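To start, the structure itself, in structure tokens.
Since every read-out is calculated from the coordinates, none of them should be taken as a lab result. Computed from a prediction, not measured in an experiment: that's the story for all the values here. Note that we place each Cβ from the backbone using ideal geometry, even for glycine, and neighbour counts take in every protein chain shown.
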Amino acid sequence: MPELRVGALQLQVVQQTNLLDALLGGGVAVPYSCRAGSCHACLVRCVAGEPLDRQPEALAADKRAEGWRLACQCQVVEDLQVEPFDPQRDGLAAKVAALDWPSPQVLRLRLQPARPLRYRPGQHLLLWSDQAVARPYSLASVPSEDDCLEFHIDCRMPGAFCDAARRLQVGDTLRLGELRGGALHYDADWQARPLWLLAAGTGLAPLYGVLREALRQEHQGAIRLLHVAHDPAEHYLASELQALAAQHANLQVELVTAAQLPAALAELRLVSRQTLALLCGHPVTVDSFARRLYMAGLPRSQMLADVFLTRA
Ligand SMILES: Cc1cc2nc3c(=O)[nH]c(=O)nc-3n(C[C@H](O)[C@H](O)[C@H](O)COP(=O)(O)OP(=O)(O)OC[C@H]3O[C@@H](n4cnc5c(N)ncnc54)[C@H](O)[C@@H]3O)c2cc1C
Ligand code: FES
């Protein structure tokens, strides 16, 4: 049986055991969320030996070259020594600069990182609580317009991270893990194309960043933003979006509840084959967006989606 070493701990592991399971089974508190190679909460660095990686493309080449692997995607096939990601050593400190509740269930968190972070609207970051809970959250800010990193945290359900987030106060420190590009971004080449931004819940966060970036770059095509929320009180950016729509004639904003969504989707009509759709939020709603757009004639290649996979 291969030996798995973490610091002074030595574990005998059955061949081909999933590395995350082996670490958790041995009492090593590696955080994880999606188990699908998406959130990157389960990063470990291989110091000796090489696991079998089922999804090497999920990590950037430079990270892989440094020995980082996603434990949830690896199997132990030979003796291995690993170091879990240590937020104190490997992460970046960020102070809570502001927080407020734009709706009863959404916490808006503004963080000031210890050094400037280069990012593009639509990317996401791993946030580490002081209890070493790591979860991915999308950036709602735009680097050229906002001093702080802005996040919208859905606190509707209890959860390890959102329970900690509810207790945060201005001046508290979190650690930032890996910055990652999902599918969502704005490309200057899209200037004249119709843009559909379909968001469910806090799936609005990265699309709000992308929308403001598109407007900042003076996007010329029509922009249609649809936000679906459980109830009207959860359209947490309604006033900001309506203010933008009042300033930009090419922006149309629709706020619908979950109950109204099927009717709103049935009314979607493709007016141009050039349309691009950016989708974000809970996997089930994103799937219903994508299916309806496909039925309306939009090729899958013109849909960019980030889904908020969770641990449950
Ligand atoms: C790339 C990416 C970007 C994301 N960006 C955002 C964002 O900008 N904003 C945002 O709000 N979310 C975002 N998410 C989702 C967010 O990371 C998850 O919702 C996260 O898991 C919440 O963490 P938590 O610790 O609060 O909940 P967890 O403790 O991880 O629990 C996950 C969910 O399961 C439920 N749950 C927990 N235990 C049980 C149980 N025993 N039985 C039934 N249900 C249970 C919880 O209520 C919770 O809803 C993103 C996800 C991804 C992958
Ligand atoms: S990438 Fe491994 S738990 Fe999400």
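What FRET efficiency, computed as 1/(1 + (r/R0)^6) with R0 = 22 Å and r the Cβ-Cβ distance, is obtained for Ala183 and Arg311, rounded to the nearest 0.05? Working from the Cβ atoms, E equals 0.55. Treating r as the C-beta distance of Tyr294 and Ala243 and R0 as 30 Å, the FRET efficiency rounds to 0.35.
Backbone amide hydrogens, once placed in the peptide plane, bring Trp68 within less than 5 Å of Cys46, excluding anything fewer than 5 places away on its chain. Full extension of the segment from Glu218 to Ser301, taken as 0.36 nm per residue of separation minus the current Cα-Cα distance, would add 27.5 nm. Pairs of Cα atoms nearer than 8 Å and 6+ residues apart set the relative contact order; for the range 188-307 it is 31 percent.
Computed 3J(HN,Hα) for the range 145-151, one whole-Hz value per residue from the Karplus formula 6.51 cos²θ - 1.76 cosθ + 1.60 where θ = phi - 60°, is 10, 10, 6, 10, 8, 10, 10, glycine and proline marked x.
Between the listed residues Thr202, Pro299, Cys42, the Cα displaced farthest toward the positive end of the dipole of the chain, a dipole computed from Cβ unit charges relative to the Cα centre, is found at Pro299. For the range 188-307, the Stokes-Einstein estimate of translational diffusion at 10 °C and a viscosity of 1.306 mPa s comes to 112 µm²/s, using the Kirkwood hydrodynamic radius over alpha-carbon pairs.
Across the range 1-121, Cα-Cα pairs more than 22 Å apart make up 43 percent of the total.
Each Cα pair under 8 Å and six or more residues apart adds its sequence gap; the mean of these over the residue count of the chain is a relative contact order of 15 percent. Counting only Cβ charges, +1 for Lys and Arg and -1 for Asp and Glu, the dipole size of the range 99-138 around its Cα centre is about 240 debye. Placing +1 on the Cβ of every Lys and Arg and -1 on the Cβ of every Asp and Glu, with no other charges, gives the chain a dipole of roughly 380 debye about its Cα centre.
Only helical runs count toward this figure. For the chain, summing -39,500 (n - 2.57) over DSSP H runs of n ≥ 4 and dividing by all residues gives -5500 deg cm²/dmol at 222 nm. Projected onto the charge dipole of the range 1-158 (+1 at Lys/Arg Cβ, -1 at Asp/Glu Cβ, origin at the Cα centre), which of Cys74, Val30, Ala134 gives the Cα projection farthest towards the positive end? Sorting the options by dipole projection puts first Ala134.
Using the Cα centre as the reference, give the magnitude of the dipole from point charges on the C-beta atoms of the range 188-307 (Lys, Arg: +1; Asp, Glu: -1; all else neutral), rounded to the nearest 20 debye. Magnitude of the dipole: close to 420 debye. Taking a point 7 Å from the Cα of Ala65 along the Cα-to-Cβ direction, the residues of the range 22-50 with backbone N closer than 18 Å to it are 45-47. What FRET efficiency would be calculated for the residue pair Asp147, Met1, taking the C-beta separation as r and a Förster radius of 45 Å, to the nearest 0.05? Step by step, r from the Cβ atoms, then E = 0.30.
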